[in-house]
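Below: the structure, in structure tokens.
The values are calculated or read from the model by the stated rules, or taken from the named source; none is laboratory data. Quantities reported herein were computed from a predicted structural model and do not represent experimental measurements. Reconstructed Cβ throughout: ideal geometry from the backbone, glycine too, with neighbour counts over all protein chains shown. When the accessible area is computed, the model is the full protein with side chains, heavy atoms only, and any ligands, DNA or RNA have been set aside. Shrake-Rupley method; radii C 1.70, N 1.55, O 1.52, S 1.80 Å.
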Amino acid sequence: MTFTDVRFIIASDVLLACFFPLAILFVGFKLFPSFSFSELRELLFSGPRKGSPNTHFSLTRAYHSFSQYARLSASELAQKRASYNTLGRANKNLGFKIGYAKKLDRLRDITSLNATVTDGIVELALEEFPSLSDKDAIHAGSADLGRVRESLKHFVRDWSVDGAHERTRTFAPILDLLRAVDPADRRKMKVLVPGCGLGRLAWEISQLGFDTTANELSYFMTLALRFLLSPKLTSTVNEHTLRPYGHWFSHQKSNDSLFRRISFPDAIPRLTPNFHLVEQDFMTLPVPTTTNALDDRTLSWSRSDTSRNADGGYDYIVTLFFIDTSLDVFATMRQIYHLLRPGGTWVNLGPLLWTGGGLAKVELSLDEVLQAAEEIGFVLQTEKTGLAARRTLECEYTSDSNAMMRWIYNAEFWVARKPA
């Protein structure tokens, strides 16, 4: 390269084009220091990756995210301390007088206590999925830490006395409808609960006597559920404790409330002949038949059964805060229809909080959802009163009952049937 060529590059826009992205990257890391290089890779190479084992909710990613909970939390705490240290002397002294430095120390301590639970989840995952030890490590980022924390909050919502009020109000219309079924008939009826989270609703339905399948795509949820299902790790009521809200300083009335201890579980779930777990995408589930074989390890319907027997199907499919998580709600409703037996019932309760950013293929109003359901073939129940009557319920979801803020959903309850 000649001197003339170098001078041309310096004088042209080529050099600017090379350094401009680097400048943006530098500013971005200054403004958002928690943004990790792994998240940057996902942003730059976020195209479809079919067959990738490290998708957002995969077993491998969930395992490594739980295993890095303490490290990620410590990194976040370091950022809080760094921000506090930028205060001027007078304001830093003021913070010291009101105990803010001690508050950050308490956050460090409760993170260590929470890590006893995440470490247990990691230990069990490695025992039940030994191949995880052979996988390359994933460097989890802030989004993964958020998913871990969401799973921990679900322990409170689904399996603690503190979450009883929220889930009782939310579960009531569904369980009341199912309680109306003759107890003698329940054991012959199959119920599917897709997007089951930590499985409390599905477990409650199984306790009524129905043959119940809990289905969940996210291993962030199912690894946490397995922690409860394991006799080795969970054997007594309220055996474990968490401080689930400690990382979220906003809307708190006091530090004692912020760092309060919550015990779980308030009941001991176990997989049984009528309570199964299927860890896969709802859209890939086969129609069950009376001859489905059970997997000895998970007591779930065998994935290898692709039968489309017209005599098979679920008697009830219960979707709770589920259909709006779909990126193609039309396909989801068609799958619900497909999996139901002729005469089967779809029970729904939830909002319509669609995934934004153009990711959802359609973002429908309630009227459009119900119209689409009828076009697919569902017959909506139109009673004005009774257990199957369509209605709106105020619901919360993984809320902090002591906080200064409440997020209320006007969730819609409806019942629809597949014609016999």
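Taking amide H positions as modeled 1.01 Å from N, with prolines and chain starts lacking one, the residues under 5 Å from Leu277 and 5 or more places away or on another chain are Ala214, Ser300. Each other residue within a Cβ distance under 13 Å of Thr332 adds +1 if Lys or Arg and -1 if Asp or Glu, for a net charge of -1.
For region 98-183, divide the Cα radius of gyration by the Kirkwood radius and give the resulting Rg/Rh value with two decimals.
Details: Rg = 19.0 Å, Rh = 16.7 Å.
That ratio is 1.14, to two decimals.
Taking every alpha-carbon pair within region 168-242, the share separated by more than 22 Å comes to 32 percent.
Restricting to region 306-420, what percent of DSSP beta bridges are antiparallel, rounded to 5?
Values: 13 of 19 bridges.
Counting DSSP beta bridges with both partners in region 306-420, the antiparallel share is about 70 percent.
Enumerate by residue number the GluC sites (Glu not before Pro) in region 85-162 meeting two conditions: DSSP loop (anything except H, G, I, E, B), and at most 10 other Cβ atoms within 10 Å of the site's Cβ. Counting only loop positions with at most 10 other Cβ atoms within 10 Å, none of the GluC sites (Glu not before Pro) in region 85-162 qualifies. From Cα pairs below 8 angstrom and at least 6 apart in sequence, can you work out the relative contact order of region 311-401, rounded to a whole percent? Value for region 311-401: 28 percent. Derived scalar couplings between HN and Hα for region 116-128 equal 5, 6, 5, 5, x, 4, 5, 4, 5, 4, 5, 6, 8 Hz in order, rounded to whole Hz, by the Karplus curve 6.51 cos²θ - 1.76 cosθ + 1.60 (θ = phi - 60°), x for Gly and Pro. Going by the alpha-carbon gyration tensor, a ≥ b ≥ c the square roots of its eigenvalues, is region 300-420 rounded (a/c under 1.5) or, if a/c is not under 1.5, prolate (a/b greater than b/c) versus oblate? Prolate, since a/c reaches 1.5 and a/b exceeds b/c.
Rolling a 1.4 Å probe over the protein chains gives Leu152 an accessible area of about 10 Å². Carbon-plus-sulfur accessible fraction, region 86-217 (probe radius 1.4 Å, protein heavy atoms only): 52%. Computed from backbone phi, the HN-Hα couplings of region 67-82 come to 5, 9, 4, 5, 5, 5, 5, 5, 5, 5, 5, 4, 5, 5, 5, 4 Hz, rounded to whole numbers (Karplus: 6.51 cos²θ - 1.76 cosθ + 1.60, θ = phi - 60°; Gly and Pro given as x). Centre-to-centre separation between the Cα atoms of region 76-155 and those of region 319-373: 35 Å.
Past 19 Å, Cα to Cα, is the threshold; run Lys102/Lys253; Lys80/Lys153; Lys103/Lys253 against it and keep the listed order. In this structure, Lys80/Lys153 lie more than 19 Å apart at Cα.
Cross-link partners for Lys232 among the aspartates and glutamates, with Cα-Cα distance under 13 Å and sequence neighbours closer than 8 places in the same chain left out: Glu123, Glu127, Glu128.
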